[in-house]
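This report refers to the structure that appears directly beneath it.
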Amino acid sequence: MLEIEKFNKIVIANWKLNGSTSFLRDYLNNIEIKQSNLRDNCLIICPPTPYIKEINSSEFLKGAQDCSQFEEGAFTGEINAKMLKDIGCDFCIIGHSERRNHFKESNETILTKITNCINNDLIPICCVGESLEEKKQGLTKEVLKDQITKSLPKNINLNKIIIAYEPLWSIGTGIIPKIEDIVSIHNYIKNSIFLENNTKIVYGGSVKANNCKKIINLKEVDGLLVGGASLNLDEFNKIIEF
Ligand code: PGA
């Protein structure tokens with residue numbers, strides 16, 4: 001399995017349900033990756049599954065946005081972790097809030113999906129985050145602890161997973177948390193939930209060209225998970241300057 005420990009910063013592009021063959025072609029022609037950045041840093045593109053195989057680049061790694069909770073069999077429409085590995089993925093986003101909300105994915109389902117990823121040599125990018133209501137009630141840390149402890153297999157190697165902290169109220173809204181809150185939450189996950197601080201924890205939620213530097217340069221933040229801005233190369237090329 002890929003050694004993610006060696007990366008200083010990790011930037012993940014989550015295209016969600018967007019893109020087409022021509023969009024992908026333009027994207028690959030116009031994305032600007034500085035070779036000097038690739039020594040220490042890592043860029044992961046997560047397009048919709050049909051386009052994953054079309055990407056053939058040594059400049060970045062490929063990820064999927066979800067995988068089936070089932071291993072194989074009579075589950076029409078599903079795509080399993082083994083197939084994702086087979087088409088060249090090294091990563092898979094699991095438990096994104098859009099899946100938790102729209103598709104009612106529970107922590108138990110997410111645990112099964114993460115286990116399937118690990119069994120197939122895929123690094124899971126496990127998304128966690130509190131709702132606005134939970135934040136207002138002061139429940140953020142409790143919610144994160146509950147999501148993380150219930151979603152991760154007990155014996156997981158914490159160097160073989162990425163946690164994405166994505167406050168739900170920040171996703172797609174243009175609002176980001178106060179910088180001191182990002183620091184405090186990342187510290188909490190690293191030191192109080194995991195009791196060790198080398199697990200990779202990236203931040204996601206309304207990351208744009210004009211706010212990315214102050215977030216990614218924090219020592220507590222190992223990278224970014226970028227949604228909307230990853231689709232616009234005027235924005236994304238600035239974000240991946242690192
Ligand atoms: P956003 O999405 O950057 O558009 O807020 C982030 C995400 O949902 O992963």
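Dimensions of the range 129-242 from C-alpha coordinates, computed as largest minus smallest value along each principal axis and given longest first, are 41, 32, 22 Å. Entry note, the chain: the mean residue ellipticity at 222 nm calculated from DSSP H runs of n ≥ 4, each adding -39500 (n - 2.57), is -8500 deg cm²/dmol after division by the residues and rounding to the nearest 500.
Taken one residue at a time, the phi angles of the range 233-238 give Karplus couplings (6.51, -1.76, 1.60, θ = phi - 60°) of 5, 4, 7, 5, 4, 6 Hz. Gly and Pro are set to x. When each of the peptides 117-129, 12-24 is scored by the mean number of other C-beta atoms lying within 10 Å of its residues, the order from highest to lowest reads 117-129, 12-24.
The range 48-141: which chymotrypsin sites (Phe, Trp or Tyr not before Pro) are DSSP loop and have at most 10 other beta-carbon atoms within 10 angstrom? Those that pass, being in a loop and sparsely packed, are Phe103. Residue-normalised convex hull volume from the C-alpha trace of the range 1-85: 110 Å³ per residue. Relative to the compact globular guide of 2.2 N^0.38 Å, what is the alpha carbon radius of gyration of the range 1-47, as a ratio? Working it through for the range 1-47, the quotient is 1.33. For the range 184-242, the Cα gyration tensor yields ellipsoid semi-axes of 25, 10, 8 Å (square root of five times each eigenvalue, largest first, whole Å). For the range 97-181, trypsin sites (Lys or Arg not before Pro) are listed when DSSP marks them as loop and at most 11 other Cβ atoms sit within 10 Å of their Cβ; the list is Lys104, Lys154, Lys178. When only Cα pairs below 8 angstrom with a gap of at least 6 residues are kept, the range 1-140 shows a relative contact order of 20 percent. Looking at the range 60-162, the GluC sites (Glu not before Pro) that sit in a DSSP loop and have at most 10 other Cβ atoms within 10 Å of their own Cβ are Glu72. Past the 19 angstrom mark, what percentage of all C-alpha to C-alpha distances in the range 31-170 do you count? The proportion of pairs with Cα distances above 19 Å equals 54 percent. Eigenvalues of the alpha-carbon gyration tensor of the range 139-188, scaled by 5 and square-rooted, set the equivalent ellipsoid semi-axes at 23, 12, 11 angstrom, largest first. Computed over the chain, the P(r) tail beyond 22 angstrom holds 49 percent of alpha carbon pairs. Amide H contacts of His96 (H built 1.01 Å from N, in plane; Pro and chain starts excluded): Cys127 sit under 5 Å, all sequence-distant by 5 or more or on other chains. The string of couplings for the range 214-219 from the Karplus curve (6.51, -1.76, 1.60, θ = phi - 60°) is 5, 8, 5, 6, 5, 5 Hz, one whole number per residue in order, with x for Gly and Pro. Sequentially through the range 8-13, phi angles give Karplus couplings (6.51, -1.76, 1.60; θ = phi - 60°) of 6, 10, 10, 10, 10, 9 Hz, Gly and Pro residues having no value and appearing as x.
Each reported figure results from applying straightforward, stated rules to the coordinates on display, with no laboratory input. No experiment lies behind these values; they were computed from the predicted model shown. Reconstructed Cβ throughout: ideal geometry from the backbone, glycine too, with neighbour counts over all protein chains shown.
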